[in-house]
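Enquirer: Before we start, here is the structure in question, set down as structure tokens.
The values are calculated or read from the model by the stated rules, or taken from the named source; none is laboratory data. Keep in mind that this is a model prediction, so the values were computed, not measured. Please note: Cβ atoms are built from the backbone with ideal geometry, for glycine as well, and neighbour counts cover all protein chains shown. Quick note on the areas: whole protein, heavy atoms, side chains included, nothing else; ligands and nucleic acids left out. Shrake-Rupley method; radii C 1.70, N 1.55, O 1.52, S 1.80 Å.
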Amino acid sequence: MIALVLRSVFVACILLSCQSLLAQTKSPAMASPTAAVHSSLSDAGSGKKLEAFLQKMTLEEKVGQLVQYSAGQPTGPGTGRTDYDDMIRKGEVGALFNITTARQVNAYQRVAVEQSRLHIPLLFGLDVIHGFRTEFPIPLGLASSWDPDLIEQTARVAARETSASGIRWTFSPMVDIARDARWGRMTEGSGEDPFLGATIARAYVRGYQGARLDAPDSIAACAKHFVGYGAAEGGRDYNSVEISEHTLRQFYLPPFRAAIDAGAATLMSSFNSLNGVPATANPFTLKQILKGEWGFQGIVDSDYTSVGELVAHGIANDGATAARKAFLAGVDMDMVSSLYHENLVQLVRSGQVPETAVDDSVRRVLRVKFALGLFEQPYADESKEAGVMLQPDSVMLARNAAERSFVLLKNASLPGAAPVLPLSAQTKSVALIGPLADDQQNMLGSWAGQGRASDVVTLRAALTQRLGDQRVHYAKGTEIVGGSEEQLAEAVKTAEESDVVILALGENAPEMTGEAGSRAYLGLPGRQDQLIEKIVATGKPVVLLLFSGRPLTLPWAFEHLPAVVAAWFPGIQAGPALVRTLFGEANPSGKLPVTWPRSVGQEPLYYDALNTGRPVDNIDLTRPPKNSLEKYISRYIDEQNTPQFPFGYGLSYTQFRYGATRTSSPFATVAPELTAQALNDQLRASDPQTKRALSVSAEITNTGARAGYETVQCYVRLEGTSVALPVRTLSGFQRISLGPGEKKEVTFELGPEAFAFWNDQNKFVVEPARLTVWISPDSAHGEGKTLEITP
């Protein structure tokens, strides 16, 4: 992970045949296999073509390449423009988005290629967040799989379907670190951890961009939102962000750096201000870090109207000033606001913006278009579009992804009985209750691409197919918001007449999750809590399936219900995946990528927090403090500090036993002890094979009666350093399979980056420290092993 945040030097331009935008050589500590896979050698012929275009272009045509509009169904405030064809003929548009069919794409592309003076193709983009037509679980659900290979496969399917419609650019992955469940866009990302987030970011980029960007079934990835967006104050979307440079570099930048290293062709600036400077006009993040330290050569795109929003932020009093500040800060392309189109030519002619800076941004845009092969293949094959969608292997992948996304949060036994889950195939009757039990639209989640409700198999449909109409008793019970006493009464009657109850409850995906979906209350909306209490009162065994884009605070339900599954929004195969899981054909293996709070007052809540000068130590926080020793510590007087469920948590239908954590050094140069000097030497070494500083091992045993998958996690803690560091930091994970009674030795080879951090001088180094390492099932458990990193 650490290698993702060190300096790199750009040494070669991407050209027509490139498989990735970034042709970089790394400083010794930056070398990475992923970057090598997605880099390419330069082609002098294509380089000459790029420069030849620049020589031919008028200033107006140059600015046109930096202008982007929404020409389809808008996702926000409209552009107010209807003259796209005329603008394209004049070379005044470089990119369009929200167009969703090959026919529409080709119509606009013909204007650009056949009727404009220079015949430069347009770049078409879309918010393809967790699938195009084949909708997979929401990204937070996919992250719960802790399976980057699986996520790469889902992104590859999305790329095939998206490109078949002529769209060669996705505004994904969202790699924002999200530590606050109130923030609705948590649903779009990979959770709270930099290491997990960086690993998944690389997987998305590999999947979208494939082995070669110019392959017709590849699309350009866009890492977003740069940067700090997930730390919005109060969890309120678009709100201000205040985080130190240390926190920025240590926690929020690594997933972006990982995406860039994997070859991400584009990046999007964020809506928020960062330490008083709006991210869309922030030269420190965009020019110094991204383009300077990291050597990024792709397109920096603004978010929707975010250039124009600099006026509302208060750093510009008119559109011309907003355009100047955004452009000079490093934003290459203006999404929707039209302020580059209206002002940038005059800003250059008045001397306020150097034309050389415009040339640099135009190179970035043309480089992406060359990399995608758009000059050779500008049109989509309309005859093949429909045949690519919803292929059988894609649908099967959607089911597998959904199964791996489910997190079993609780599975208790009723008195004198086995755990409620999995359900017995001989169960005579099942009461299926809840507003989300037969809801096709909500299973798609927010940002559903071109997914259709008709593509979704609901839980009710799949359960009925499995058991038959006579054994499935359905009652809606209530609405997501609203509902009636009659509905509640019908649900109670249905439960009383059945052997077991499945409750399907949660949020309304389009309205309550995703962008502009921030919530101040994280409980179940409407009368769903009331429904739970009435069903529990029947005395029947109850399984709660939670459909949500975030953790929900349900203390009463977690105490009184025997079985709870976080199902997120699982996509088109929601029903079959859930039925297979409920009846044990699929064994839950998901792990939480976010910390699950007990109450909204704990937010923001995350596992990799700093300790305090007055930490809780062996004090019972379930009751109010009874003396000064229990009061004057970092605690609440009315709630526990600990979460409902920790980061990394997830149960299985089997059980796993973790042996003691053991450590050893694989190289004599650092044995018998670790030294900061040796680790720093390794950190800057050019050969990645030498970067193995410590082996950490533990024996994992499946002590249950079923085969299962377990995600084994490795954490570290450093103490005695120049800056305070988290109580635990994820440094590795492995997903393993174990049969009943089977044992496996799991080993993590930790490199020097596992022990490096941004110190009090904002330098990325290893310092002498007391080191503790854990191999554990989640961030709150495990037997640690302590050793020293000496000078």
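Enquirer: Go through the residues of region 720-731 one by one and say whether even a single one is on the phi > 0 side of the Ramachandran plot and open to solvent by 50 Å² or more (accessible area, probe 1.4 Å).
Expert: yes
Enquirer: Return only the number of the condition from (1) in a loop (DSSP other than H, G, I, E, B); (2) open to solvent by less than 70 Å² (accessible area, probe 1.4 Å); (3) not charged (D, E, K, R) that residue 663 does not satisfy.
Expert: Only one criterion in (1) in a loop (DSSP other than H, G, I, E, B); (2) open to solvent by less than 70 Å² (accessible area, probe 1.4 Å); (3) not charged (D, E, K, R) is unmet by residue 663, namely (1).
Enquirer: Any residue in region 473-498 that is without any contact (Cβ under 8 Å) to a residue 24 or more places away in the chain sitting within a Cβ distance under 7 Å of a residue that is open to solvent by 70 Å² or more (accessible area, probe 1.4 Å)? List the pairs, counting only those 6 or more apart or interchain.
Expert: Final answer for the pair search is 487/476.
Enquirer: Return yes or no: is residue 361 over 19 Å from residue 91 (Cα atoms), assigned to a helix (DSSP H, G or I) and not aliphatic (A, V, I, L, M)?
Expert: In short, no.
Enquirer: Having 3 or more residues that are in contact with a Ser or Thr (Cβ under 6 Å, 6 or more places away or on another chain) is the bar; report the helices (runs of 4 or more DSSP H) wholly within region 440-558 that clear it.
Expert: 485-496
Enquirer: For region 305-333, name all the residues that are open to solvent by less than 20 Å² (accessible area, probe 1.4 Å) and in contact with a strand residue (DSSP E or B) (Cβ under 6 Å, 6 or more places away or on another chain).
Expert: 307, 310, 330, 331, 332, 333
Enquirer: Suppose we filter region 565-602 for residues that are within 23 Å of the chain's Cα centre (by Cα) and assigned to a helix (DSSP H, G or I); how many remain?
Expert: 5
Enquirer: Can residue 615 be described as open to solvent by 50 Å² or more (accessible area, probe 1.4 Å), in a loop (DSSP other than H, G, I, E, B) and either more than 22 Å from residue 767 (Cα to Cα) or among the aliphatic types (A, V, I, L, M) (or both)?
Expert: yes
Enquirer: Say we look at region 639-657 and pick out the residues that are among the aromatic types (Phe, Trp, Tyr) and not in a strand (DSSP E or B); which of these is nearest to residue 608 (Cα to Cα)?
Expert: Top of the filtered list is 647.
Enquirer: Can you find, within region 735-745, the residue that is nearest to the chain's Cα centre (by Cα) among those that are open to solvent by 60 Å² or more (accessible area, probe 1.4 Å) and not basic (Lys, Arg)?
Expert: 745
Enquirer: Kindly provide the set of residues from region 477-488 that are more than 22 Å from residue 539 (Cβ to Cβ) and either of a type in the set (Phe, Trp, Tyr) or open to solvent by 70 Å² or more (accessible area, probe 1.4 Å) (or both), ordered by number.
Expert: Listed by number, the residues that qualify are 481, 486.
Enquirer: I've got another one for you. Which count do you get for residues in region 515-557 that are among the charged types (D, E, K, R), under 30 Å from residue 471 (Cα atoms) and either in contact (Cβ under 8 Å) with a residue 40 or more places away in the chain or surrounded by 24 or more Cβ atoms within 10 Å (Cβ to Cβ) (or both)?
Expert: Adding up the residues that qualify gives 3.
Enquirer: When you scan region 705-720, do you find a residue that is assigned to a loop (DSSP other than H, G, I, E, B) and among the β-branched types (Val, Ile, Thr), even just one?
Expert: no
Enquirer: In region 151-165, is there at least one residue being over 17 Å from residue 515 (Cβ atoms), in contact with an Asp or Glu (Cβ under 8 Å, 6 or more places away or on another chain), among the basic types (Lys, Arg) and open to solvent by 10 Å² or more (accessible area, probe 1.4 Å)?
Expert: Scanning region 151-165, I find at least one residue that is over 17 Å from residue 515 (Cβ atoms), in contact with an Asp or Glu (Cβ under 8 Å, 6 or more places away or on another chain), among the basic types (Lys, Arg) and open to solvent by 10 Å² or more (accessible area, probe 1.4 Å), so the answer is yes.
Enquirer: Does residue 353 satisfy the condition of being open to solvent by 10 Å² or more (accessible area, probe 1.4 Å) and modelled with pLDDT of 95 or more?
Expert: No; evaluated as a whole, the condition is false for this residue.
Enquirer: Can you confirm whether region 595-608 contains a residue that is in contact with a Lys or Arg (Cβ under 7 Å, 6 or more places away or on another chain), among the charged types (D, E, K, R) and open to solvent by less than 10 Å² (accessible area, probe 1.4 Å)?
Expert: Looking for residues that are in contact with a Lys or Arg (Cβ under 7 Å, 6 or more places away or on another chain), among the charged types (D, E, K, R) and open to solvent by less than 10 Å² (accessible area, probe 1.4 Å), one finds at least one in region 595-608, hence yes.
Enquirer: Filtering region 28-85 down to residues that are part of a helix (DSSP H, G or I) and among the β-branched types (Val, Ile, Thr), which residue is modelled with the highest pLDDT?
Expert: Result: 63.
Enquirer: What are the residue pairs meeting all of these: first residue in region 417-429, first residue within 18 Å of residue 496 (Cα to Cα), second residue open to solvent by 20 Å² or more (accessible area, probe 1.4 Å) and not in a loop (DSSP other than H, G, I, E, B), Cβ atoms under 7 Å, and 6 or more apart or on different chains?
Expert: 420/411; 428/471; 429/471; 429/473
Enquirer: Now for a different question. Quick one: which residue in 777, 726 is of a type outside the set (Gly, Ala, Ser), within 19 Å of residue 198 (Cβ to Cβ), at pLDDT 95 or above and under 29 Å from the mean Cα position of the chain (by Cα)?
Expert: After ruling out the rest, the residue left standing is 726.
Enquirer: If only one of 382, 342 is over 31 Å from the mean Cα position of the chain (by Cα), among the acidic types (Asp, Glu) and closer than 30 Å to residue 290 by Cα, which one is it?
Expert: Testing whether each residue is over 31 Å from the mean Cα position of the chain (by Cα), among the acidic types (Asp, Glu) and closer than 30 Å to residue 290 by Cα leaves just 342.
Enquirer: Write out, first by first residue and then by second, each pair whose Cβ atoms fall under 7 Å of each other, whose residues are 6+ apart or on separate chains, and whose first residue, in region 99-122, is farther than 23 Å from residue 161 by Cα and open to solvent by 50 Å² or more (accessible area, probe 1.4 Å) while the second is modelled with pLDDT of 95 or more and not in a loop (DSSP other than H, G, I, E, B).
Expert: As it stands, the answer is 115/89; 119/113, since those pairs meet every condition given.
Enquirer: Please enumerate the residues belonging to region 489-514 that are buried (at least 19 other Cβ atoms within 10 Å of the Cβ), farther than 20 Å from residue 563 by Cα and touching a Gly at 6+ places or on another chain (Cβ under 8 Å).
Expert: Across region 489-514, the qualifying residues are 509, 512, 513, 514.
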